[in-house]
2 protein chains.
Amino acid sequence: MDLSGLYQRVGAWLDETGPVNDIVISSRVRLARNLAGFFFCGQADEAQQRQVLEFVREKLTATDVQGSLWYVPMEQVTALQRQVLTERHLISRELAETGGPRAVALTPDESLAVMVNEEDHLRIQMMANGLQLRETYERICRVDEQLEGQVEYAFSAEYGYLTACPTNTGTGMRVSVMLHLPALKMTGEIEKVLRAAKDLRLAVRGLYGEGSEPVGDFYQLSNQTALGKTEEQIIDDLTRHAVEPMVEYERRARKKLSEGKATALDDKIFRAKGILSHARMVSSEEALYLLSYIRLGIHLGRFRDVRMSTVNRLFLTAQPAHLQTLFGEDLDAGGRDRARADYIRRELAGAA
Amino acid sequence: MDLSGLYQRVGAWLDETGPVNDIVISSRVRLARNLAGFFFCGQADEAQQRQVLEFVREKLTATDVQGSLWYVPMEQVTALQRQVLTERHLISRELAETGGPRAVALTPDESLAVMVNEEDHLRIQMMANGLQLRETYERICRVDEQLEGQVEYAFSAEYGYLTACPTNTGTGMRVSVMLHLPALKMTGEIEKVLRAAKDLRLAVRGLYGEGSEPVGDFYQLSNQTALGKTEEQIIDDLTRHAVEPMVEYERRARKKLSEGKATALDDKIFRAKGILSHARMVSSEEALYLLSYIRLGIHLGRFRDVRMSTVNRLFLTAQPAHLQTLFGEDLDAGGRDRARADYIRRELAGAA
């Protein structure tokens, strides 16, 4: 299987031209769907799971879903490649870490990813750059309808879409946005803002969803329940009551810092550039943290010699599996830190 | 009083061409002397202290001690100027902080400084760049003899030179070297080495002597007692049993790091340069710490675009009183950190 095309570019969802891209990195809608007439994954033995896989493969490849899908059976994917797919947000950690008859189907621009036999038979994910929850939802609806024309979903008139985990039952939908909130972190307001999000029953996570800690001032905000509201309400609530206010708070915090503590802010921004353009060893966590400040610096107009597209590419390629793929699988952690520092230094030097 | 000539240059003892200058910054010999026929400073009232001051002033200015001495009565020196003199190692903290009839006499190159009415009537200090304890001792002996031709010292055939503090009695001499030991710090061997020095009854201190903590991997090593050995023995013991072995250990540690952990070493060295050439706020402690690595980088041949003379000048001018003198006394700590960052950035950019 050839994944080599992936490593040096970014998915469409990381393109820097999306709406509200100074603060919202990406929007994501995910639908959990199960097939009627098949055991749920947790109840199915391997043969039954394989039946689901074959059935879905046939339907997916026969259907013109968003153009042609690239179908990737996980059994043919090495551990390192799985990690690359995880770093690119195309598969979940769970799919990466467990064996058996599983797959993911992707569009070439990585905006659509359909995981097969993860917790549910189908996990359909649509991602877009910037704040585009409504548009992303419309796009995923078309995919969902195309699939629904091919297969029968497990559905209850009373509960809605049936799913392995009750928190997904109903719409089967989870929507999330990835926010970049460095100024709220610096002003110390972030805790208050995140608490308010939790009061709205939203989940706040790090770059890699469930179980990941926020790193580099990136926060993933998502709805926690899928029942009792329509899809449109869920999206509207998240957008109007959480994302838009947080964007506003972050902008105010950036403005306040730029006026009152411009030097403290610039110090962090320019140090980040100084370190990444000089260091000889950089961990992936530090890379994220420093790239985060460079991203902020670009948005605040502090540099003209670094492009956002370079920074976005580095966000992906600085991560362990991407780096090992580019520079050799036999690198230990120290070797990766060295390769990462060299790579980032070269990229930033060539970024003008 | 005009001290403005001092701020932008360094004393001869910071010149980068001294012997063993990759590790030994400077050598210093200090003699404590008291005048016969006058009360010791601690026993004297202000009028008696003023008598000593006038007597010494007359003798010092009448004598051709190392060419012409610049005589500075402390009562004419502002608090900020006193701190500048302390940062330049020309007066002690005690002389800077206490009032009354006190003075310091200096040679223009700052190699000789004679404090009057500190703890003893006279504290004669000779400094030189690099490892030059024996030469420095010979030079200070000539000054001591010149003075002894003019005044009568308090001297006991049994105890030697009499001093205010019994630890100085005997030779009245303290010798010290300022060592730069970043590699021993990095390898973790520094504790062992410093313990060995303490076992030899040597004192280990920071850049500013008694009561100062080691910062930026600079360690001041000095004898603790002045009795029971000749001056030559004290100097010989310190040089042969402490300084020379420590120089050897530091060189070995640098070699070991360069071979085995070159990247970890380079990482610290290049980060230091990256930070100082980009940061917008730098504290004096961080400046010392980072300049210390740049110093090491120059000695290891890692950069060609930074001169040691620039780094040595920055060691002085990055310090609070120098900085306030250059950029305005009304700067608060934050303002100093900003001025320091800007100044260092400009100096490093212009250092090629």
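The values are calculated or read from the model by the stated rules, or taken from the named source; none is laboratory data. As the structure is a computational prediction, the values presented were derived from the model and not from experiment. Cβ: placed from backbone, ideal geometry, glycine included. Neighbour counts: every protein chain shown. Just the protein is used for accessible areas: all its heavy atoms, side chains included, with ligands, DNA and RNA removed. Shrake-Rupley method; radii C 1.70, N 1.55, O 1.52, S 1.80 Å.
Place a label point 7 angstrom from the Cα of residue B:261 along the Cα-to-Cβ direction, then list the residues of region B:174-195 whose backbone nitrogen is under 19 Å away.
What the label zone holds, given the 19 Å backbone N cut-off, is B:180-195.
For every other residue with a beta carbon closer than 11 angstrom to the beta carbon of residue B:243, add +1 if it is Lys or Arg and -1 if Asp or Glu, then tell me the sum. Could you put the intermediate results ahead of the total?
Details: positive: B:240; negative: B:236, B:237, B:244, B:248, B:250.
Overall, the nearby charge balance is -4.
Could you work out the mean count of beta carbons from other protein chains within 10 Å of each residue's beta carbon in B:257-269? Don't skip to the answer; put the middle values down first.
Numbers: counts 0, 0, 0, 0, 2, 1, 9, 5, 1, 6, 9, 3, 2.
Mean shielding by partner chains, rounded to a whole number: 3.
With springs only between Cα atoms under 10 Å, which of B:237, B:120, B:22 fluctuates most in a Gaussian network model of chain B?
B:237
Can you spot the lysines whose alpha carbon is less than 19 Å from residue A:192's alpha carbon? Ignore those fewer than 8 places along the same chain.
Once the sequence-local lysines are set aside, what remains near residue A:192 is A:255, A:256.
About the Cα centre of the protein assembly as shown, what is the dipole size in debye to 20, counting +1 per Lys and Arg Cβ and -1 per Asp and Glu Cβ, all else neutral? If you can, show how the numbers build up before the last one.
Details: 88 positive and 100 negative charges, 172 e Å.
Result for the protein assembly as shown is approximately 820 debye, rounded to the nearest 20.
For an R0 of 30 angstrom, estimate the FRET efficiency from the Cβ-Cβ distance between residue B:285 and residue B:97 and round to the nearest 0.05.
Values: r = 20 Å, r/R0 = 0.68.
With a Förster radius of 30 Å, E is 0.90.
Distances in nm, one decimal, shortest first, from residue B:258 to the same residue in every other copy, taking the label point 7 angstrom along Cα→Cβ.
4.8
Add +1 for every Lys or Arg and -1 for every Asp or Glu among the other residues with Cβ under 9 Å from the Cβ of residue B:182, and state the total. Spell out each step's value before the answer.
Working: positive: B:185, B:254, B:268, B:295; negative: B:217, B:250.
Net local charge, residue B:182 excluded: +2.
Tell me which of A:326, A:287, A:312 sits at the most positive position along the dipole axis of region A:262-349, charges placed on C-beta atoms (Lys, Arg +1; Asp, Glu -1).
A:312
Using only protein heavy atoms and a 1.4 Å probe, report how much of residue A:289 is accessible, in Å² to the nearest 10.
90 Å²
What accessible area, in Å² to the nearest ten, does a 1.4 Å probe give for residue A:57?
Residue A:57 exposes around 90 Å² with every protein chain in place.
Averaged over every viewing direction, what's the projected area of the C-alpha convex hull for chain A? Give it in nm², one decimal, please. Could you put the intermediate results ahead of the total?
Values: hull surface 69.0 nm².
One quarter of the hull surface, i.e. the mean projection, equals 17.2 nm².
Normalised by the residues of chain A, what does the relative contact order come to in percent, with Cα pairs under 8 Å and at least six apart?
Details: 598 pairs, mean separation 68.7, N = 352.
Result for chain A is 20 percent.
Counting only heavy atoms of the protein chains, get the accessible area per residue of the protein assembly as shown (1.4 Å probe) and round it to a whole Å² value. The partial results should precede the final answer.
Numbers: 29200 Å² over 704 residues.
Accessible area per residue, the protein assembly as shown: 41 Å².
Sum up the charges of everything whose Cβ sits under 14 Å from the Cβ of residue B:11, counting Lys and Arg as +1 and Asp and Glu as -1, but leave residue B:11 out.
Combined, the nearby Lys, Arg, Asp and Glu give -1.
Which value, in debye to the nearest 20, describes the size of the charge dipole of region A:262-349 about its Cα centre when Lys and Arg Cβ atoms bear +1, Asp and Glu Cβ atoms bear -1, and nothing else is charged?
Details: 14 positive and 11 negative charges, 84 e Å.
Roughly 400 debye for region A:262-349.
Find the relative contact order for region B:164-264 and round it to a whole percent, using C-alpha pairs within less than 8 Å whose residues are 6+ positions apart. All intermediate terms of the calculation are to be shown ahead of the outcome.
Details: 117 pairs, mean separation 36.3, N = 101.
Relative contact order of region B:164-264: 36 percent.
Would you rank B:138, A:347 by solvent-accessible area, highest first, keeping every protein chain in place and using a 1.4 Å probe? Working shown, then result.
Values: B:138 105, A:347 40 Å².
My answer, sorted largest first, is B:138, A:347.
Spin-label point model (7 Å from Cα, Cβ direction): what's the residue A:152 to residue B:156 distance in nm?
Taking the two extended label points, one gets 11.2 nm.
Can you spot the aspartates and glutamates whose alpha carbon is less than 19 Å from residue A:229's alpha carbon? Ignore those fewer than 8 places along the same chain.
A:135, A:138, A:144, A:158, A:199, A:237
How much accessible surface area, in Å² rounded to 10, belongs to the heavy atoms of residue B:343 with a 1.4 Å probe?
Around 10 Å² of this residue is reachable by solvent.
Working from Cα positions, state the angle (0 to 90°, nearest 10) between the long axis of helix B:308-317 and the longest principal axis of chain B.
60 degrees
Quick one: order A:263, A:61 from most to least accessible surface, probe 1.4 Å. Working shown, then result.
Working: A:263 40, A:61 85 Å².
Final ranking, largest accessible area leading: A:61, A:263.
Once fully extended, how much extra length lies between residue B:240 and residue B:333, figured as 0.36 nm per residue of separation less the alpha-carbon to alpha-carbon distance?
Values: separation 93, 0.36 × 93 = 33.48 nm, distance 4.24 nm.
Between residue B:240 and residue B:333, full extension yields 29.2 nm more.
So what is the relative contact order for region B:243-352, in percent, with contacts set as C-alpha pairs under 8 Å and at least six apart?
Numbers: 92 pairs, mean separation 36.0, N = 110.
Averaging sequence separation for qualifying contacts and normalising by length gives 33 percent for region B:243-352.
Helix B:244-260 sits at what angle to the longest principal axis of chain B, using alpha carbons and giving 0 to 90 degrees rounded to 10?
Once rounded, one gets 10 degrees.
Suppose we consider the axis relating copy A to copy B; can you name the residue of A with the nearest Cβ and state that distance in angstrom as an integer?
Nearest residue, distance rounded to whole Å: A:274, 2.
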